[in-house]
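In what follows, a single structure is set out as structure tokens and then discussed.
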Amino acid sequence: MRSEMESMYTNQVWTLVDPPEGAKPIGCKWVFKKKTDMDAYYDYEIWQMDVETAFLNGKLLKDVYMTQPEGFIDPHSARKVCKLQRSIYGLKQAFRSWNLRFDDAIKEFGFIKSEDEPCVYKK
């Protein structure tokens, strides 16, 4: 968790602000998942990337406010909320915002999205 929070601070994921009137901040919680191996269905050469900060490259289209993460509440700003500057994992729009940006970028390198599997690109 400490490593994740250091990454959030380094990447300036949010700023602490007073909660705007009428805004209801979303909650946050720590989620731990075990990653499993994926088998290839086709006989393709597979290159898999696991980028820990991938979602931080997604762009938010609306203001999103979040409660401060449990265990990392700033004691000098305990009543403040996090105004997200970047998309984060677990946010409903995170997958879509990151994927749209990734799709644009990878196509610039000449990759073509597979019609059968939308998360697979070929060149």
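Brief remarks follow.
- Estimated vicinal HN-Hα couplings, Hz - the range 104-118 in sequence order (Karplus 6.51, -1.76, 1.60; Gly, Pro = x): 4, 5, 5, 5, 5, 8, x, 7, 10, 6, 5, 6, 7, 9, x
- Label-to-label distance, nm, for residues given as C28 and F72 (7 Å Cα→Cβ offset): 0.6 nm
A short reminder: the numbers here are calculations on the coordinates, not readings from a lab. Not measured: the values here are computed from a predicted model. Cβ sites come from the backbone with ideal geometry, for glycine too, and all protein chains shown count toward neighbours.
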